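Chemist: Next up is a structure, given as structure tokens.
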Amino acid sequence: MKVGYMATLKVADGKQADFEAAFAEMQKAVAADEPGTLQYDLLQDEADPTTYRVFEIYESEDARKVHGKSAAFGAAAAPLGGGVMTAAPDVVPVKFIS
């Protein structure tokens, strides 16, 4: 059964391009190493350009547990620890309606 998550990420003002570049690399790692990830999309809040959301869909909860565990994902995510993000991601499960 598919599972979905919505993550909200806060980025330091002026660091948006750095964040977007690192996230693009994370998306490549997900595509290469996580066959159970069906969707991993980055969205930016129109009212607050320092707020991003990630819409994640996995084919199962087991596929979700694999997410982010590859070495390539870790390497791609490493630049986010250098003051790019202002807080840990807020990740919530979402329910599919239609």
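The values are calculated or read from the model by the stated rules, or taken from the named source; none is laboratory data. Computed from a predicted model, the values in this text were never measured in an experiment. All Cβ positions, glycine included, derive from the backbone under ideal geometry; neighbour counts span all protein chains shown.
Chemist: Within segment 69-86, how many residues are assigned to a loop (DSSP other than H, G, I, E, B) and in contact (Cβ under 8 Å) with a residue 24 or more places away in the chain?
Modeler: 4
Chemist: Kindly establish whether Asp48 is loosely packed, with under 14 Cβ neighbours inside 10 Å, closer than 19 Å to Thr8 by Cβ, among the acidic types (Asp, Glu) and touching a Ser or Thr at 6+ places or on another chain (Cβ under 8 Å).
Modeler: no
Chemist: Could I ask something else about it? If you go through segment 52-87 one residue at a time, how many are within 23 Å of Gln16 (Cβ to Cβ), touching a strand residue (DSSP E or B) at 6+ places or on another chain (Cβ under 9 Å) and loosely packed, with under 15 Cβ neighbours inside 10 Å?
Modeler: Final tally of qualifying residues: 3.
Chemist: Hey, among the residues in segment 88-98 that are assigned to a loop (DSSP other than H, G, I, E, B) and touching a strand residue (DSSP E or B) at 6+ places or on another chain (Cβ under 8 Å), which one's nearest to Ala24 (Cα to Cα)?
Modeler: The extreme case among them is Pro89.
Chemist: I'm trying to understand the selection: among the residues of segment 2-39, which are over 18 Å from Ala75 (Cβ atoms), in contact (Cβ under 8 Å) with a residue 60 or more places away in the chain and either in contact with a His (Cβ under 7 Å, 6 or more places away or on another chain) or not small (Gly, Ala, Ser) (or both)?
Modeler: Lys2, Val3, Tyr5, Met6, Thr8, Leu9, Lys10, Val11, Lys15
Chemist: Let me ask another. With the condition kept exactly as written, say whether any residue in segment 1-22 is exposed (fewer than 12 other Cβ atoms within 10 Å of the Cβ), of a type outside the set (Ser, Thr, Tyr) and under 13 Å from Arg64 (Cβ atoms). Full working, then the answer.
Modeler: The first filter runs over segment 1-22 and keeps only residues exposed (fewer than 12 other Cβ atoms within 10 Å of the Cβ), leaving 1, 13-14, 17.
Those still in the list that are of a type outside the set (Ser, Thr, Tyr) too: 1, 13-14, 17.
Still in the running and under 13 Å from Arg64 (Cβ atoms): 1.
Looking for residues that are exposed (fewer than 12 other Cβ atoms within 10 Å of the Cβ), of a type outside the set (Ser, Thr, Tyr) and under 13 Å from Arg64 (Cβ atoms), one finds at least one in segment 1-22, hence yes.
Chemist: What is the one condition in (1) surrounded by 12 or more Cβ atoms within 10 Å (Cβ to Cβ); (2) of a type outside the set (A, V, I, L, M, F, W, C); (3) within 15 Å of the chain's Cα centre (by Cα) that Asp41 does not satisfy?
Modeler: All conditions pass for Asp41, except number (1).
Chemist: Would you check which residues across segment 28-51 are at pLDDT 95 or above and farther than 19 Å from Asp62 by Cβ and list them?
Modeler: Within segment 28-51, Asp41, Leu42, Leu43, Gln44, Asp45, Glu46, Ala47, Asp48, Pro49, Thr50, Thr51 qualify.
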